[in-house]
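Please treat every number below as a calculation from the coordinates, not as lab data. Just so it is clear, the model here is predicted, and its values are computed rather than measured. Every residue, glycine among them, receives a Cβ derived from its backbone with ideal geometry; neighbour counts consider all protein chains shown.
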Amino acid sequence: MEKQQKVLVLDFGGQYNQLIARRVRECNVYCEVKPYTTTIEAIKEFDPIGIIFTGGPNSVYLETSPQVDPEIFNLNIPIFGICYGCQLMAHHLGGLVTEAQDDSAREYGKTVTYYDNTCKIFKGLPESAVSWMSHGDYMAKTPEGFALVAHSAACPNVAIADEKRGFYGVQYHPEVNHTEYGVQMIRNFLYEVCGAKGDWTMGDYKERSIKEIREKVKDGKVLLALSGGVDSSVAAALLAEAVGNQLTCVFVDHGLMRKDEGDEVEEAFAKWNINFVRVDAEARFLGKLAGQADPETKRKIIGEEFIRVFEEEAKKIGTVDFLVQGTIYPDVIESGAGNAAVIKSHHNVGGLPDYVDFKEIIEPLRLLFKDEVRQLGRELGLPEYLVMRQPFPGPGLAIRVIGDITKEKLDILRDADFIFRDEIAKANLEHTMNQYFAVLTNMRSVGVMGDGRTYDYTLALRSVTTTDFMTAEWTRIPWEVLDRVSVRIVNEVKGINRIVYDITSKPPATIEWE
Ligand code: XMP
């Protein structure tokens with residue numbers, strides 16, 4: 001197989017850097033984001049066909065601002081500078097970047113921009129279109145060898161190009177949706193300038209990963225903790241395809257899953273000849289949780305019990321050589337995040353299990369974004385309901401039954417949650433919300449059904465729209481859909497006589513109730 005072409009995205013601290021990486025990959029070219037401090041040696045070793053300098057919040061002319069080793073301009077590799085990246089290139093190659101003296105030279109927001117279509121970056125584009133600007137600095141002098149290839153009413157040098165050397169700079173952000181034809185410009189850089197072949201496809205990635213995994217694992221034993229979530233399922237499918245029965249998947253069924261979920265996961269893996277261990281630990285978990293009403297206590301019990309069960313199963317297998325983790329690219333990047341306050345002690349995020357003996361960790365998804373993980377899952381033949389599964393917390397329904405947990409309450413919640421999801425699917429609204437579920441509040445209220453009085457639980461429905469799950473907006477679900485859900489639940493699920501819809505955003509609320 002031919003060597004994978006790669007693009008390097010050099011990170012200067014801009015807010016859209018991951019988006020640039022997404023765009024490059026959408027163009028079927030593999031890329032990685034690396035810090036601007038990456039050494040020339042490391043860049044040479046990475047051997048990219050092109051380099052993109054990202055935007056950033058600083059001003060290039062300040063001594064404290066991020067810089068590059070000027071040797072980067074002698075590597076004979078095309079460079080595309082975006083915003084700060086453009087100014088940085090101009091600054092290093094003999095241009096002059098200064099603070100804009102008057103408001104007309106500073107540009108923010110949507111700006112009509114005029115493009116020179118003879119420049120490779122703008123090939124096939126209209127002569128003018130809207131671009132998204134966000135810069136307070138101004139290129140007072142263009143560096144030698146560069147031509148001005150785009151302008152706006154306020155700014156004569158919106159884009160510069162030295163086509164001989166393959167250096168291009170734009171002051172706006174082609175990676176954001178507000179820039180019309182932005183992706184086309186990135187594509188032009190990749191294909192017209194860098195000679196990309198478009199060899200980043202999930203099919204290729206799958207084949208390459210399988211080959212690499214086989215070479216690494218040889219005849220070793222592999223262990224994987226399967227949660228039923230997208231990442232661990234796709235990692236499991238990939239390993240199953242690569243090493244078959246050398247793989248043991250331990251699926252701890254804690255009895256806190258949604259309706260039919262445990263069976264669905266088991267069924268999805270039936271086609272592979274692997275050691276699939278489904279541990280029915282419901283009684284054990286519910287026993288430990290009995291009478292516990294405090295959210296943090298419930299989380300801790302589940303986390304600890306999970307480790308214990310997994311440990312017991314791992315011991316039965318004996319020494320394993322490799323432990324698989326479903327870490328994905330955003331986890332890798334965010335792992336450096338600072339000391340945020342602990343709002344909830346999340347189970348199954350970060351940290352390596354030190355309770356299982358193994359020689360090495362395999363993280364087969366660590367280069368993929370979430371939607372790429374889903375695509376890979378499809379390539380591997382996982383069913384759509386698994387691949388598209390919404391995030392589900394490690395402690396499961398235990399944190400959606402408010403207060404103490406009983407099997408009866410869990411069953412009520414499972415049935416209600418199923419109806420909610422079913423109606424959302426029937427209304428074709430699944431893709432308009434990022435997470436939606438039901439919560440069994442611990443509150444009862446009086447109702448009337450037929451001629452009789454009821455005194456049953458209040459169920460809360462929750463749905464959020466979000467990109468990062470750090471902040472979230474409650475979803476504006478159409479009234480008629482909410483109405484259908486409500487009517488069905490009170491009629492079909494015994495034990496619930498009142499439904500409320502949670503209309504708080506995050507912050508101040510969190511997504512889960514506990
Ligand atoms: P909150 O409730 O903190 O949730 O706004 C943010 C996202 O994290 C999920 N969540 C968890 N995920 N283990 C997980 O793997 C956990 O313990 C956990 N608690 C919350 C939550 O579902 C939402 O997507």
Bins of 10 Å from zero: percent of alpha-carbon pairs in the stretch 284-332: 20, 35, 31, 14
Scattering profile of the stretch 6-193 at q = 0.08, 0.15 Å⁻¹ [log10 I(q)/I(0), Debye over alpha-carbon scatterers]: -0.21, -0.79
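With the cut-off at 1.5 for a/c, could you classify the chain from its C-alpha gyration tensor as rounded, prolate or oblate?
Details: a/c = 2.47, a/b = 1.62, b/c = 1.52.
Prolate.
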Tell me, what does the Kirkwood hydrodynamic radius of the stretch 202-387 come to in angstroms if you use every pair of distinct C-alpha atoms? 17.3
Membrane-span-like helices in the chain: DSSP H runs reaching 20 Å or more (Cα, own axis), mean Kyte hydropathy at least -1.0? 295-317, 407-426
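What is the calculated FRET efficiency for F469 to R214, with r their C-beta to C-beta distance and R₀ = 35 Å, to the nearest 0.05? Don't skip to the answer; put the middle values down first.
Numbers: r = 35 Å, r/R0 = 1.00.
Efficiency, from the Cβ-Cβ distance: 0.50.
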For I79, enumerate residues with amide H under 5 Å from its amide H, sequence gap 5+ or separate chain, H modeled in the peptide plane. I51, F167, Y168
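Give the dimensionless ratio obtained when the Cα radius of gyration of the stretch 58-100 is divided by 2.2 N^0.38 Å. Could you put the intermediate results ahead of the total?
Numbers: Rg = 10.3 Å, N = 43, 2.2 N^0.38 = 9.2 Å.
For the stretch 58-100, the normalised Cα radius of gyration is 1.13.
Based on DSSP, what percent of beta bridges with both residues in the stretch 399-501 are antiparallel, to the nearest 5? Walk me through the numbers before you get to the answer.
Numbers: 14 of 20 bridges.
Bridges in the stretch 399-501 that DSSP calls antiparallel: roughly 70 percent.
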In the chain, taking the dipole from +1 charges on Lys and Arg beta carbons and -1 charges on Asp and Glu beta carbons about the Cα centre, the listed residue (P507, A159, C194) farthest towards the positive end is P507
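Roughly how many debye, to the nearest 20, is the charge dipole of the chain about its Cα centre, given +1 on each Lys and Arg Cβ, -1 on each Asp and Glu Cβ, and no other charges?
On the way: 57 positive and 76 negative charges, 119 e Å.
About 560 debye.
Using the Cα atoms as the points, what is the convex hull volume per residue of the stretch 200-249 in Å³? Show your work: numbers first, answer last.
Numbers: hull volume 3.4 nm³, N = 50.
Hull volume normalised by residue count: 67 Å³.
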Based solely on its DSSP helices, what 222 nm [θ] is calculated for the chain when runs of n ≥ 4 H residues each add -39,500 (n - 2.57) and the sum is averaged over all residues, nearest 500 deg cm²/dmol? -9000 deg cm²/dmol
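Once the Cβ-Cβ distance between E312 and F369 is put in as r, and R0 is 35 Å, what FRET efficiency do you end up with, to the nearest 0.05? Could you put the intermediate results ahead of the total?
Details: r = 35 Å, r/R0 = 0.99.
Taking R0 as 35 Å, the efficiency between E312 and F369 is 0.50.
Would the stretch 383-428 count as rounded, prolate or oblate if I go by the C-alpha gyration tensor, calling it rounded below 1.5 in a/c and otherwise prolate when a/b exceeds b/c, oblate otherwise?
Oblate is the answer for the stretch 383-428, as a/c is 1.5 or above yet b/c matches or exceeds a/b.
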Residue-count net charge about L224 - beta-carbon cut-off 12 Å; Lys, Arg +1, Asp, Glu -1: -2
Hull volume per residue for the stretch 152-296, using the convex hull of the C-alpha atoms, in Å³ is 234
What number, in percent, do you get for the relative contact order of the chain if the mean sequence gap of Cα pairs under 8 Å and at least 6 apart is divided by its residue count? 10
Cβ-Cβ cut-off under 11 Å around Y172, Lys and Arg +1, Asp and Glu -1: the net charge is -2
Unit Cα scatterers, Debye sum, the stretch 399-501: log10 I(q)/I(0) for q = 0.12, 0.16 Å⁻¹: -0.40, -0.70
Which pairs in the list K259/K506; K3/K120; K6/K34; K34/K110 are over 23 Å apart, alpha-carbon to alpha-carbon? K259/K506; K3/K120; K34/K110
